[in-house]
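Okay, structure first, notes after.
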Amino acid sequence: MSDLKIVQCTHERHAAAILEIFNDAIVNSTALYDYQPRTAQNMVAWFEAKRAGNWPVLGLEDAQGQLLGFCSYGSFRAYPAYKYTVEHSVYVHPDHRGRGLGRQLMDLLIAEARRRGDVHAIIGAIDAANKGSIALHQRLGFVHVGQMPQVGFKFGRWLDLAFYQLTLETPLNPVDG
């Protein structure tokens, strides 16, 4: 798929497509532990939080400008000592899954974290039954660092949440405070 274009996603251009991808994941999968589809207003707040945190939102578009998938990261926990740790997300439009786009998006996001130089650990919180996502993370060097049994409940069953971590060599000079 050499005709793909890497883009910095914006609310104006990509909110509707990201909303569609999010809502498919909410309604049809355990990739998001939400029950109700998100709204256009949710996307305003989501993009504002990404902007305020200076967090990347990267996407892949086809030759016609359709967003096929996106990835981002943000705060892992809201305490100062976690400032070098982020939690990431990656989502691919349902019509384009199984074509390696998730891997491409993850590669982009990891490269962006390294380029910025202010991330040390990237955390993936993955439904423990999502074998495809787990396998992708393992191929990228993420290591299983923990599992929380039965912390989610969706589709009439308990869900286990698995944590995978990729540790980077950055930042070069971390500081307290």
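The values are calculated or read from the model by the stated rules, or taken from the named source; none is laboratory data. What you are looking at is a predicted structure, and each value in this text was computed from that prediction instead of being measured. Counting neighbours? That spans all protein chains shown, and the Cβs are built from the backbone with ideal geometry, glycine included.
Could you check TYR33 against (1) part of a helix (DSSP H, G or I); (2) touching a residue at least 60 places away in the same chain (Cβ under 8 Å) and say which number it fails?
The failed condition is (1).
Just one of ALA121, ALA111 is among the small types (Gly, Ala, Ser), over 25 Å from ARG97 (Cβ atoms) and at pLDDT 95 or above; which is it?
Every option except ALA121 fails the conditions.
If I ask for residues that are exposed (fewer than 12 other Cβ atoms within 10 Å of the Cβ), farther than 21 Å from PHE76 by Cα and under 16 Å from the mean Cα position of the chain (by Cα), which ones from region 7-55 would you list?
GLN8
Working only within region 56-86, note down all residues that are more than 12 Å from the chain's Cα centre (by Cα) and under 17 Å from ILE21 (Cβ atoms).
Selection gives LEU60, GLU61, ASP62, GLN64, GLY65, GLN66, LEU67, LEU68.
Determine if region 79-87 includes at least one residue that is surrounded by 14 or more Cβ atoms within 10 Å (Cβ to Cβ), out of contact with any helix residue (DSSP H, G or I) (no Cβ under 9 Å at 6 or more places or on another chain) and either of a type in the set (A, V, I, L, M, F, W, C) or in contact (Cβ under 8 Å) with a residue 60 or more places away in the chain (or both).
The answer is yes; a qualifying residue exists.
Restricting to region 36-71, name every residue that is of a type outside the set (D, E, K, R), free of Cβ contacts under 8 Å to residues at least 40 places away in the same chain and outside any loop (DSSP other than H, G, I, E, B).
Matches in region 36-71: ALA40, GLN41, ASN42, MET43, VAL44, ALA45, TRP46, PHE47, ALA49, ALA52, CYS71.
Hey, can you tell me all the residues within region 144-169 that are closer than 21 Å to ASP118 by Cβ and either surrounded by fewer than 12 Cβ atoms within 10 Å (Cβ to Cβ) or among the hydroxyl-bearing types (Ser, Thr, Tyr) (or both)?
If the condition is that a residue be closer than 21 Å to ASP118 by Cβ and either surrounded by fewer than 12 Cβ atoms within 10 Å (Cβ to Cβ) or among the hydroxyl-bearing types (Ser, Thr, Tyr) (or both), then TYR164, THR167, GLU169 are the ones that fit.
Scan (1) surrounded by 14 or more Cβ atoms within 10 Å (Cβ to Cβ); (2) farther than 27 Å from GLN150 by Cα for the single condition ALA63 breaks and write down its number.
Exception for ALA63: condition (1).
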